[in-house]
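Q: I have a structure I would like to understand better, so I am pasting it below and will then ask my questions one at a time.
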Amino acid sequence: VVPLAPGGGDDLIDLKDAATGVTVEIPAFNDHKTTDFIEVTWGSQVLTKEPIGSRPFPVSITVPVPALRADWGAATAEKPVKVSYRVLRGNVPQGEMDTTINVDFTYVGPGPGPDWPDPVNPLLLAPTVTGAGGTSSENELNRDDEGLDATLTFPLYDPALIDEQVTFYWGDVLVTEATYSVLGTETVGDDIPVTIPWSYIETQGNGDVPVHYRISGPASPNEQQSVRQNVVVDAITLRPDAPTFLGLNDSGWLTCVSLYDDPPSAEDPAIRVQVPDLTRYGLKAGDTVTVHWLAYPDRNPASLPIPGAEMDVDITLGTATPATGFVWRVRPYEDKILPTYEPGNANGRGETWYTFTIGSETFTSRIESRNVGMYNANSSCPIPPVP
């Protein structure tokens, strides 16, 4: 049995399999001795015989890379290969079994590479990445490139034939939108540009990101890969998780019942804001985080905040407000919350977020926005609540 081509699936040994390591497994058979030898033949290549010894069945025999390549020879298309083994007692054969599998080591482009079957071919030169912000160097992305697509260029390899495909990987992720089909009219060595959408850059994050491309063709199952290019990415501003409002009703609104903790607190009535765990961003006791609140007169996203109802409070992380998360209260009710209510225009909106500074850079969390309905059937929320 050849596990990588067991007769199902593609039933094929290709370059990826050769790079993984091809083995032949010998199932258990009766009447063997630990001193018997197994001799595997891969096509035209007789492998070194190995003693059965005391190892358990199935016995796994590795097919050396030179044997794979020697048997493939100068083939230019998929070919069947007979794989067999025989048992030797001393030098006397005791029987033979065989199977036939398909092998395809064809490839497109230059090569093969010197480390065959390693798919990375040094003749496929590394790509170059440039940002759209205008201030970063080649193979670097800085904050001016944030939110913008990048351009990757690669030199056209030789030979490059019509309908061959070049695919691109940002980190280990295939950039599907960037796939390039060879037209057949290009000139070898031309720098071919493709676009890397910002979404891939953002998902991979900051740091040294290895970028490469792969080439393949319709007549071969195999890919060759270019040399990696490390791109130094510092284009993504950290956006911490948003805080959350506590006490929302079933519709996700801030209402009269949102103003009171359970059990009641001496700081009620207030809108309670849960600031999440900040230790994930490196904050600790003694650091400062600023929590923000804006109140709006209605639910229109274009409306301006209500003057005087805003809050920006600096909080020093410590015992009462630990870096692992704490509750902050928007109060007093009359000044910061009640202004969202007006007779005839009772529905408002509230936003909260937080900011902190690490070194010389200030980071702003995502914003939590909720509708505010501070009224009952007759008027604004009764303070204190009716028993």
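The values are calculated or read from the model by the stated rules, or taken from the named source; none is laboratory data. This structure is a prediction, so every number in the text was calculated from the model and none was measured. No Cβ is skipped: glycine too gets one built from the backbone with ideal geometry, and neighbour counts run over all protein chains shown. The accessibility values were calculated without ligands, DNA or RNA, using every heavy atom of the protein model including side chains. Shrake-Rupley method; radii C 1.70, N 1.55, O 1.52, S 1.80 Å.
Q: In terms of the Cα gyration tensor, with a ≥ b ≥ c the square roots of its eigenvalues, is the range 283-326 rounded because a/c is under 1.5, prolate because a/b exceeds b/c, or oblate? Walk me through the intermediate numbers first.
A: On the way: a/c = 4.00, a/b = 3.08, b/c = 1.30.
In terms of gyration-tensor shape, prolate.
Q: Under the Kirkwood approximation applied to all pairs of distinct alpha-carbon atoms, what is the hydrodynamic radius of the range 1-63 in Å? It would help to have the intermediate numbers written out before the result.
A: On the way: mean 1/r = 0.0779 Å⁻¹.
Here the Kirkwood hydrodynamic radius works out to 12.8 Å.
Q: So what's the back-of-envelope 222 nm ellipticity for the chain, counting only DSSP H runs of four-plus at -39500 (n - 2.57) apiece and dividing by all residues, rounded to 500?
A: Values: 4 runs with 25 residues, N = 387.
That calculation yields -1500 deg cm²/dmol at 222 nm.
Q: Using the Cα atoms as the points, what is the convex hull volume per residue of the range 92-207 in Å³?
A: On the way: hull volume 21.5 nm³, N = 116.
Spelled out: Cα convex hull of the range 92-207, divided by residues, is 185 Å³.
Q: Just to confirm, what accessible area per residue do you get for the chain at 1.4 Å probe, in whole Å²? Working shown, then result.
A: Working: 19420 Å² over 387 residues.
Computed with neighbouring chains in place, this is 50 Å² per residue.
Q: Antiparallel DSSP bridges in the chain: what percent, to the nearest 5?
A: Working: 82 of 89 bridges.
Beta bridges within the chain, antiparallel portion: roughly 90 percent.
Q: On to the next question. Taking only the alpha-carbon positions of the range 158-265 and ignoring solvent, what does the Debye formula give for the base-10 log of I(q)/I(0) at q = 0.20 Å⁻¹?
A: Log10 of I(q)/I(0), two decimals: -1.08.
Q: On to the next question. Of Pro269, Ser60, Thr176, which is farthest on the positive side of the dipole of the chain, counting Cα position, with +1 on Lys and Arg Cβ, -1 on Asp and Glu Cβ, and the Cα centre as origin?
A: Ser60
Q: Along the charge dipole of the range 199-305, which of Thr203, Pro221, Thr237 sits closest to the positive end, that is, farthest toward it, with unit charges on the beta carbon of Lys, Arg, Asp and Glu (+1, +1, -1, -1)?
A: Working it through, the farthest residue towards the positive pole turns out to be Pro221.
Q: Another question, then. Along the charge dipole of the chain, Cβ charges K/R +1 and D/E -1, which of Gly111, Val372, Leu12 sits furthest on the positive end?
A: Checking the options against the dipole of the chain, the answer is Leu12.
Q: What list of ³J(HN,Hα) values in whole Hz, one per residue of the range 297-303 in order, does the Karplus curve 6.51 cos²θ - 1.76 cosθ + 1.60 (θ = phi - 60°) give from phi, with Gly and Pro shown as x?
A: For the range 297-303, the Karplus-derived couplings read x, 7, 9, 6, x, 8, 5 Hz, x marking Gly and Pro.
Q: Okay, next question. Through the Karplus equation 6.51 cos²θ - 1.76 cosθ + 1.60, θ set to phi - 60°, convert the phi angles of the range 329-337 into ³J(HN,Hα) values in whole Hz; use x for Gly and Pro.
A: 10, 8, 6, x, 4, 4, 8, 10, 10
Q: A further question on this structure: How much of the accessible area of the range 98-141, probe 1.4 Å, is carbon plus sulfur, in whole percent? Walk me through the numbers before you get to the answer.
A: On the way: 880 of 1950 Å².
Of the solvent-accessible surface of the range 98-141, carbon and sulfur hold 45 percent.
Q: Still on this model: Which value, in nm² and rounded to one decimal, describes the direction-averaged projected area of the C-alpha convex hull of the range 1-131? It would help to have the intermediate numbers written out before the result.
A: On the way: hull surface 42.4 nm².
Hull-based average projected area comes out at 10.6 nm².
Q: Oh, and also: Straight-line reach from Lys79: which lysines have a Cα under 23 Å away, not including same-chain ones fewer than 8 places off?
A: Correct list for Lys79: Lys16.
Q: With a cut-off of 8 Å between alpha carbons and a minimum separation of six or more residues, what is the relative contact order of the chain in percent?
A: Numbers: 869 pairs, mean separation 43.6, N = 387.
Averaging sequence separation for qualifying contacts and normalising by length gives 11 percent for the chain.
Q: Okay, moving on. Using the eigenvalues of the Cα gyration tensor, what equivalent ellipsoid semi-axes result for the chain when each is taken as the square root of five times the eigenvalue, whole Å, largest first? Each step should come with its number before you reach the end.
A: Details: eigenvalues 885, 175, 69 Å².
After diagonalising the Cα gyration tensor, the semi-axes are 67, 30, 19 Å.
Q: Moving on. Which percent of the accessible area of the range 277-387 is formed by carbon and sulfur heavy atoms (probe 1.4 angstrom)? Don't skip to the answer; put the middle values down first.
A: Details: 3050 of 5870 Å².
Its accessible area is 52 percent carbon and sulfur atoms.
Q: Oh, and also: Run the dipole for the chain about the Cα centre, Lys and Arg Cβ at +1, Asp and Glu Cβ at -1, nothing else charged, and hand back the magnitude in debye, nearest 20.
A: Details: 23 positive and 52 negative charges, 197 e Å.
Rounded to the nearest 20 debye, it is 940 debye.
Q: Would you mind computing the Rg to Rh ratio of the range 295-372 from its alpha-carbon coordinates, Kirkwood style for Rh?
A: Rounded to two decimals, Rg/Rh equals 1.03.
Q: Continuing with the same structure: Before anything else, pin down the relative contact order of the range 236-383: Cα pairs under 8 Å, at least 6 apart, normalised by residue count, whole percent. Walk me through the numbers before you get to the answer.
A: Working: 329 pairs, mean separation 45.0, N = 148.
Dividing the mean separation by the residue count of the range 236-383 yields 30 percent.
Q: Cα to Cα, under 24 Å, and not fewer than 8 places away if on the same chain: which lysines meet these conditions relative to Lys33?
A: Partners within reach: Lys49.
Q: May I ask for the percentage of alpha-carbon pairs in the range 225-370 that lie more than 23 Å from each other?
A: Numbers: 4481 of 10585 pairs.
Distances greater than 23 Å cover 42 percent of the Cα pairs.
Q: Let me ask something additional. Counting pairs of alpha carbon atoms under 8 Å apart in space and at least six apart in sequence, what relative contact order in percent does the range 135-278 give?
A: Values: 248 pairs, mean separation 33.2, N = 144.
The normalised contact order for the range 135-278 reaches 23 percent.
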